[in-house]
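Everything on this sheet refers to the single structure shown next.
The values are calculated or read from the model by the stated rules, or taken from the named source; none is laboratory data. Bear in mind that the values here come from a model prediction, so they are computed numbers and not experimental data. Note that each Cβ is placed from the backbone with ideal geometry, even for glycine, and that neighbours are counted across all protein chains shown. Note: accessible area is taken over every heavy atom of the protein model, side chains too, but ligands, DNA and RNA are not part of it. Shrake-Rupley method; radii C 1.70, N 1.55, O 1.52, S 1.80 Å.
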Amino acid sequence: MNKDRYNGKESFEEWKKEWQLEDRYNFRTIESKWQKIWDEEKAYKVEIDKSKEKFYALVEFPYPSGAGLHVGHPRSYTALDVIARKKRMQGFNVLYPMGFDAFGLPAENYAIKTGVHPAVSTKANIANFTRQLKSLGFSFDWDRCISTCDPEYYKWTQWMFIQLFKKGLAYKDKIAINWCPSCKVGLANEEVVNGCCERCGAQVVRKNKEQWMVAITKYADRLIDDLDDLDFIERVKSQQINWIGRSEGAELDFELTDNDGKVLDGKKLKVFTTRPDTAFGVTYMVMAPEHQYVKELMSRFENPDEVQAYVEETAKKSDLQRTADDSKTGVELKGIKAKNPFNNELIPVFISDYVLTGYGTGAIMAVPAHDQRDYDFARKFNLPIIQVLEGGDISEKAWEEDGAHMNSGFLNGMNKEDGIKAAIEYARKSGFGNSKVNYKLRDWVFSRQRYWGEPIPMVYCEHCGWQPIPESELPLTLPEVPDYHPNDEGESPLSKAGAWLETTCPKCGGKARRETDTMPNWAGSSWYFLRYCDPHNDKEFASKEALEYWMPVDWYNGGMEHTTLHLLYSRFWHKFLYDCGYVPTKEPYRRRTSHGMILASNGEKMSKSRGNVINPDDIVDSYGADTFRLYEMFIGPFDQVAMWSEESLMGVYRFVNKVYGLFKKVSETEKALEKDLRAMHKCIKEVTERIDQMKFNTAVSSLMTYVNYLSDKEKIAAELYETLIRLLCPFTPHLCEEMWARMGHEELAVTALWPQFDQNLAEDSVVTIAVQLCGKMRGTIEMPKDAAREDVEKAALSLENIKRQTEGREIKKVIVVPNKIVNIVAA
RNA sequence: GCAGACGUGGUGGAACUGGUAGACACGCCAGACUUAGGAUCUGGUGGCGUGAGCUGUGAGAGUUCGAGUCUCUCCGUCUGCACCA
């Protein structure tokens, strides 16, 4: 017998004497007692058990920052903890793991400031997070805890990168990347918010650098199409689709010529357009200032100085400056023309910064009559505007709606769809173009000029180029470096790692140098849910058996801010592993939900600088973990933002104490009446359904209603109270565990069975029916459930109120909605 | 500008396929009780009206026996994307 459970007493009887004297709920001793017992008995440890149905609940693992847990974290963790606990009580084999996304910039910045090695501070932070998470009583299987900065973990992240490289999906390229001059680091498109660094807010500039890239664009179509079968909340789906930005159109070649129409050999200007059918309305062409032809043709221009000046001016601008100002600027490339392949007309060519180098081909055909941007530009530079779609007035602005084609040769009279088809067909036959799909999504910039990340397991050999290190040498561990500063040239601190850098080429055995960039912290989090399935495996990242049993994740909850970052990356990464045959499912997550943020009581974001941060430790200390958990579930609709309110928290605190106090009224001899059972079954039904629907706030109000009902009673039948304890257990496990033990149960409450409801008892036997006169409420009648229509009608018409008000009026019609309403329509 | 979500008491928010608007909680008011505790308990609480009653879900119209819910127009808030050809 576990003496801990009886507060050190020898028997249940002796312990009973102790708590019978207690009046108030002492959450401090009770919560820590059960946390210790759960820990010792490994109550949440889970193994593969094929006799049971599995359920994999997942929350985004935190970055272990020095600030500790934020009140936002437990909103997500408690929600899925409630779901995991309920599923466990319903007999599922539940995997609910936790770990740490431990590589990242703050640890490195801290190291720069203090000299403390990131590994040291990260370890301390993980210990603090673990303590905090345990103090909240989450049912994580701590034996499966992982950390992305652990070499045993990042060995596999590196291994997966090598697989990407081998399949040609990881490549080194010199491109203009987003460069944060403050962090001195390259950023992925997804990390740039409004032209600024997501992390520090500095304006991002373009910088040409050799970078490791990962070809996520190869998966663009599948990342869109496979969303169809997934149970993701709509805004996640639409944001991902929007971000990938698929658009169908055509690529067309426009030959470049000199002023007299003599074709310049090999210089065809390729453009992408979604409307090839408007080609007869093209009156000029525009290239991005970065376009390679600008450099290549410079000697031909009659105004090279002007062109060069514009190119330089554009290069100096940040992306933000470039997009903030939408007035059109540009320079004509004098001395060259483009030839419209549809009508062989010669048209001028410009450079302008409204054409982006990163999208399509970096050049456009301009149709000012039907595109507002082209229209603005044409007006400013006095270029002709030719209408080719009927229906609009183009004297003031572009006509961007649909209309039959005009001034368009063989396309005249066609609608949009046919016109596009015909134009592409013509281009294809004539050999100057074809249909083409374009994406806003860019390949993933995978290099970071940083210390605290996974080393990229590649070496450069003069003879053999980039080579992956042999897989037997993994993990390639992070070397020690004299200091953690990146330099202004954008070289990683690893470039100072001395002897570590020098190695031999795995192919030719000659001299080779290691890559010094590290991976972005989205790398480790792209596959962590796979490692949870088999976290201690040193032969594979996870065994086939474990992956086949546990995958996919059944329910994944996390922040909206990760929709186009982590969530997209990890779906891609997973699909890649699937294609290689390493994972059994083509998608990692079956269901994805998202919680709303928790704001300070005045509606502002909680932040250190505003000084309005609520520390979970303080709340646990003052009110207990159960109150904290329950409050976060009661605070409002789970998917919406919520404001922290200590006063509302008090209400929940009272409720928790009330449940404790109710125990005194529980009587073994008391029998539950039918009315009691109806209240109970109704509560079971509502709580069960509402948890599944993620309506935690109303699930809690059902429990409150039931508790209010019970507290009106003199004595409470044991059955009624036990059911309450089981229903409440996922929300407030410590309290429930204690009360469950006091009810005399030897097994843990967290392993108890989830109550079932009886549909007949969950509904009322007597219903209150509203009586309306011409749609206005006049009174109510009590009727047995499913009473006959005539009886209901009769009862309604005999209501005092109705009699009085219908006197002398003709009753035209009586509408009876069973068990709901009677509407009497009178003249 | 584009896309999406939303708008309900003093406050957070309930209301399943159109069917008693305001569940549950906070706050407030009145009372009880007390070895004073973050007390607790009882009753009340959308607005107007002594009352029967009237009125009420951002504004206006419409469909319907009946609209918070459906349709249209407008106003407002939030989120995401933003010169994507």
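Okay, here's what the table says:
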| read-out | value |
| --- | --- |
| Karplus-derived 3J(HN,Hα), 6.51/-1.76/1.60, for each residue of region A:551-561, Hz, glycine and proline x | 7, x, 4, 7, 8, 10, 10, x, x, 4, 5 |
| Ratio Rg/Rh [Cα only; Rh per Kirkwood] for region A:61-192 | 1.04 |
| Reciprocal of mean inverse Cα separation for region A:558-639 (Kirkwood radius, Å) | 15.9 |
| Chain lengthening between A:Cys200 and A:Lys429 when straightened (0.36 nm per residue, less Cα-Cα) | 77.2 nm |
| Pairs from A:Lys295/A:Lys328; A:Lys45/A:Lys539; A:Lys123/A:Lys167; A:Lys50/A:Lys685; A:Lys134/A:Lys715; A:Lys166/A:Lys507 whose Cα-Cα separation, in the structure shown, is over 25 Å | A:Lys123/A:Lys167; A:Lys50/A:Lys685; A:Lys134/A:Lys715 |
| Unit charges on C-beta of K, R, D, E only; dipole of chain A, Debye | 500 |
| Distance cut-off 15 Å, percentage of C-alpha pairs in region A:267-338 lying past it | 62 |
| Phi to ³J(HN,Hα) by Karplus 6.51 cos²θ - 1.76 cosθ + 1.60 over region A:357-370, Hz, x for Gly, Pro | 7, x, 10, x, 9, x, 8, 9, 9, 9, 10, x, 5, 10 |
| Neighbour net charge for A:Ile815 - beta-carbon separation under 13 angstrom, K R +1, D E -1 | +3 |
| Sum of -39500 (n - 2.57) over DSSP H runs of 4+, divided by residues of chain A (222 nm, nearest 500) | -10500 deg cm²/dmol |
| Rounded, prolate or oblate (a/c below 1.5 giving rounded, otherwise prolate when a/b exceeds b/c) for region A:486-553 by Cα gyration tensor | oblate |
| Net lengthening on full extension, A:Ser765/A:Asp393 (0.36 nm per residue, minus Cα-Cα) | 127.1 nm |
| Residue-level accessible surface for A:Asp764, protein heavy atoms, 1.4 Å, Å² | 80 |
| Per-selection Rg to Rh, region A:115-269 - Cα, Kirkwood hydrodynamic radius | 1.10 |
| Descending semi-axes in Å of region A:479-523, equivalent ellipsoid built from Cα gyration tensor | 22, 14, 9 |
| Prolate/oblate/rounded call for region A:122-170, Cα gyration tensor, a/c under 1.5 rounded | prolate |
| Cross-link partners of A:Lys605 among aspartates and glutamates (Cα-Cα below 17 Å; sequence separation of 8 or more within a chain) | A:Glu198, A:Glu561, A:Glu632, A:Asp639, A:Glu646 |
| Estimated distance in nm for a label pair at A:Ser247 and A:Ser472, the labels positioned 7 Å out from Cα along Cα-to-Cβ | 5.3 |
| Evaluated over region A:688-792, the Cα radius of gyration and Dmax, each in Å | 18.5, 60 |
| Extent along principal axes [Cα atoms of region A:1-134; Å; largest to smallest] | 60, 40, 25 |
| Convex hull of Cα atoms in region A:350-469, direction-averaged projection (nm²) | 13.4 |
| Whole-percent carbon and sulfur share, accessible surface of chain A, 1.4 Å | 48 |
| Karplus-derived HN-Hα couplings along region A:289-298 (A = 6.51, B = -1.76, C = 1.60, θ = phi - 60°), whole Hz, x at Gly and Pro | x, 7, 4, 4, 5, 4, 5, 5, 9, 3 |
| Under 14 Å, Cβ to Cβ, from A:Met89 - net charge with Lys/Arg +1 and Asp/Glu -1 | 0 |
| Net length gained if the chain between A:Asp617 and A:Gln90 were fully extended (0.36 nm per residue, minus Cα distance) | 186.6 nm |
| When chain A is reduced to its Cα atoms, the Kirkwood hydrodynamic radius in Å | 31.9 |
| Cα pair count fraction exceeding 17 Å, expressed as % - region A:421-503 | 66 |
| Residue (of A:Pro493, A:Ser667, A:Met560) at the positive-pole extreme of chain A, dipole from beta-carbon charges | A:Ser667 |
| Rounded if a/c under 1.5, otherwise prolate or oblate - region A:196-253, Cα gyration tensor axes | oblate |
| Cα-Cα pairs of region A:42-119 separated by more than 15 Å (percent) | 64 |
| Förster-model FRET efficiency, 30 Å R0, A:Cys464 and A:Asn189, C-beta, rounded to 0.05 | 0.45 |
| Built amide H within the under 5 Å cut-off of A:Gln211, gap 5+ | A:Asp173, A:Lys174, A:Ile175 |
| Contact order normalised by residue count of chain A, Cα under 8 Å, 6+ apart, percent | 14 |
| Label-point separation in nm, A:Thr323 to A:Arg235, each point 7 Å along Cα→Cβ | 2.0 |
| A:Tyr354 long-range amide H proximity, modeled H, under 5 Å | A:Thr329 |
| Over region A:242-390, volume per residue of the alpha carbon convex hull, in Å³ | 121 |
| Three principal axis lengths of region A:621-723 [C-alpha, angstrom, descending] | 45, 31, 18 |
| For region A:76-135, the spread of Cα positions along each principal axis, largest first, Å | 51, 19, 17 |
